[in-house]
There are 2 protein chains.
Amino acid sequence: MEPTAPTRKHRSGIVRRPGRPAGRTLADGVIADRETLLNAAERLILAKGPSVSLDAIALEAGVTKPILYRGVGGRDRLIDALAERLSARMGEWVSREVAAARSPHDAVHRLVSGYLDQTVRERNLYLYVSGGGSGEDRVRGLLRFAELTAERFAEGIANFRASRGANPDVATVWSFGLVGALHYVTLWLLRDTNADVNGVADQLTLLLCTGFRLED
Amino acid sequence: MEPTAPTRKHRSGIVRRPGRPAGRTLADGVIADRETLLNAAERLILAKGPSVSLDAIALEAGVTKPILYRGVGGRDRLIDALAERLSARMGEWVSREVAAARSPHDAVHRLVSGYLDQTVRERNLYLYVSGGGSGEDRVRGLLRFAELTAERFAEGIANFRASRGANPDVATVWSFGLVGALHYVTLWLLRDTNADVNGVADQLTLLLCTGFRLED
DNA sequence: CGGTTAATTCTACTCGTGGTAATTTAAGGA
DNA sequence: TCCTTAAATTACCACGAGTAGAATTAACCG
C-alpha cells in the first residue's frame, strides 16, 4: 500500500519529492536563485547553440519550468536579462581595453577588436540574444542589447566630443551607429570561424576613425 | 450514405471541394504564382504587423498551406525572398537618390535619409525580415538582408575608393558597417514614430563622412 | 501529539505555429 | 469504361511557450 511518499524522479535525474521543501519560504528568496538560473541558461546556450528551449534550460538548472518562470519570468525576460549580462561583460572588457590605449585611434582599435573577440568567444549567447523576441516584438533582444551597449558607449563619445569643443548631442545616434556597425560585421564574421579577425578590425577601425573622408 | 462530394467550406469562406480542380495543370504554372504569394505576404505583413503566421499568409493569398509551401518553400525561404525584394527596392530607391546628389557628402546624406524614410515606410516588413529565422539560424533574415544590401553598397564604395587612389579592399567590411549603422539607428527610430528623422539622418551622415576625426 | 491550513512544488495540459502525410477528386489514355 | 496519374484539400504531427490545478508537505495551533 506504499504509505511512504512517492519519491518521484525528476526528469533531470535529480530525485526530489514533490511538495513544499523544508526550512525555506519563498520570501527567503534563496531557492532557485535568479543568478543560478541565468548561469544555467548561459551555460546551456553556449554549449548547445542558440536554439535551446526553455524546457532544456530548466532541465539544465535542475528545476522545473514553472520555477524557471517564477525566477526569470518567461522568454522575453530571459532575453532581456541575458542581454544585460552580455552587455555588462562586454562593457567591462572593452573599457579595460580602452583604458590601456595610448591614443584615441588606438582606443577605437582596441574597442573594435575587443568587441569582435568577445563576441566570437560567446558566439552562441550573442546569437541567442540577437535572434530573440516573441509576438510583436521580434527584435526585442537585438534592441535591448543595442540600447544597453550603446548607452555605455554614448557617454564616452559625448565626453570626447565635449573635450574637443564639438557638439556632444550626436552621441546617442553615433553610439547606435557604432554598435550597429560592430554587430553586423560580427554577424558576418561569425559565419565562418576562420576569418581574419584582426584584419577586419583594422578596416572597421579605419572607417570609424576617418569615415569616408568627406569633409563638407 | 452520402454519395455526393462533401463540398466543404474552406476556412477563407471560399467554398471549394477537395481534390484536383478542373482545367489546370501544374505545368501551366499560372496558378498560385510565386510573385502572387509573395505579394500577399507583403500585403498582410504590412497591414497586420510582423508576427503574422504562415497560415494567415496562405489565407490572404487565397491558397492553402501546402500550396504556399510549394510556392515559396517554408518560412526561411519566405524570409529570404522578402529580404531580397526589400533589399532590391531599397537599393533602387537609394541609388536613385544618390544619383541625384551634387557631391559625395550629399550622396551620403541622401543615402542615409533615403534608407531611413524607406524603412519607416515599410516598418512591419522590415521588422519581419529582421526578426526571422528558425532553428539554429536565428539571425537568418537579418544576415540575408544585410548581405544583399551590403553587396549593393560595396560596389559603390569600392569604386569611389579606387577613384581616389585608396585601397578598395575595405569595401566589404565598410559596407557591412554602413548597413549595420543604418539598421540599428533605424530600429531605434522605429520605436517611436514621432522621431525627428531628418535630424537623425544629419547626425549619422556626419559620422559616416568624417568618422570620429581621428587621423592616425 | 494530531489536525488544519497555507505554501510550494510538480505534472499535465492548452494553444499556436511550422511542416507534412493521408485522402480525395479531376483529367486523360488504354 | 476503368485505371493510372496529377493535384489540391483536409487533417494531422511535433515542438515550444506558457499556465492551471492536482499533489504534497511544512508550519502552526489547539
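The values are calculated or read from the model by the stated rules, or taken from the named source; none is laboratory data. Not measured: the values here are computed from a predicted model. Methodologically, a virtual Cβ is constructed for each residue, glycine included, from the backbone with ideal geometry; neighbour enumeration extends over all protein chains shown. For the accessible areas, the whole protein counts, side chains as well, though only heavy atoms, and no ligand, DNA or RNA atoms are used. Shrake-Rupley method; radii C 1.70, N 1.55, O 1.52, S 1.80 Å.
Take B:Leu187 and decide whether it is at the interface with chain A (Cβ under 8 Å from one of its Cβ atoms) and buried (at least 24 other Cβ atoms within 10 Å of the Cβ). Taking the combined requirement at face value, the residue does not satisfy it. For first residues located in the stretch A:71-89 and closer than 17 Å to A:Ala40 by Cβ, partners that are near DNA strand D (Cβ under 8 Å from one of its atoms) and open to solvent by 40 Å² or more (accessible area, probe 1.4 Å) and lie 6+ apart or on another chain with Cβ distances below 7 Å form the pairs A:Arg75/A:Ser134.
Looking at A:Val179, A:Val120, A:Val129, which is the one that is at the interface with chain B (Cβ under 9 Å from one of its Cβ atoms) and β-branched (Val, Ile, Thr)? Lay out the reasoning, then the answer.
Details: A:Val120 fails: at the interface with chain B (Cβ under 9 Å from one of its Cβ atoms); A:Val129 fails: at the interface with chain B (Cβ under 9 Å from one of its Cβ atoms).
Within the list A:Val179, A:Val120, A:Val129, the selection yields A:Val179.
Can you confirm whether the stretch A:145-165 contains a residue that is at the interface with chain B (Cβ under 7 Å from one of its Cβ atoms) and either open to solvent by less than 40 Å² (accessible area, probe 1.4 Å) or not small (Gly, Ala, Ser) (or both)?
Yes, because at least one residue in the stretch A:145-165 is at the interface with chain B (Cβ under 7 Å from one of its Cβ atoms) and either open to solvent by less than 40 Å² (accessible area, probe 1.4 Å) or not small (Gly, Ala, Ser) (or both).
Of the helices (runs of 4 or more DSSP H) contained entirely in the stretch B:22-95, those carrying at least 3 residues that are at pLDDT below 95 and within 12 Å of DNA strand C (Cβ to nearest atom) fall at B:65-72. Which members of the stretch A:154-172 meet the condition of being closer than 25 Å to B:Leu187 by Cβ and hydrophobic (A, V, I, L, M, F, W, C)? A:Ala154, A:Ile157, A:Ala158, A:Phe160, A:Val170, A:Ala171, listed by residue number. The set of residues in the stretch A:49-59 being touching a residue at least 12 places away in the same chain (Cβ under 8 Å) and open to solvent by 70 Å² or more (accessible area, probe 1.4 Å) consists of A:Leu59 alone.
Flag set for B:Gly73, criterion: at positive phi and surrounded by fewer than 23 Cβ atoms within 10 Å (Cβ to Cβ). Among the residues of the stretch A:190-208, the ones that are facing chain B (nearest Cβ under 7 Å) and at pLDDT below 95 come to 0 in all.
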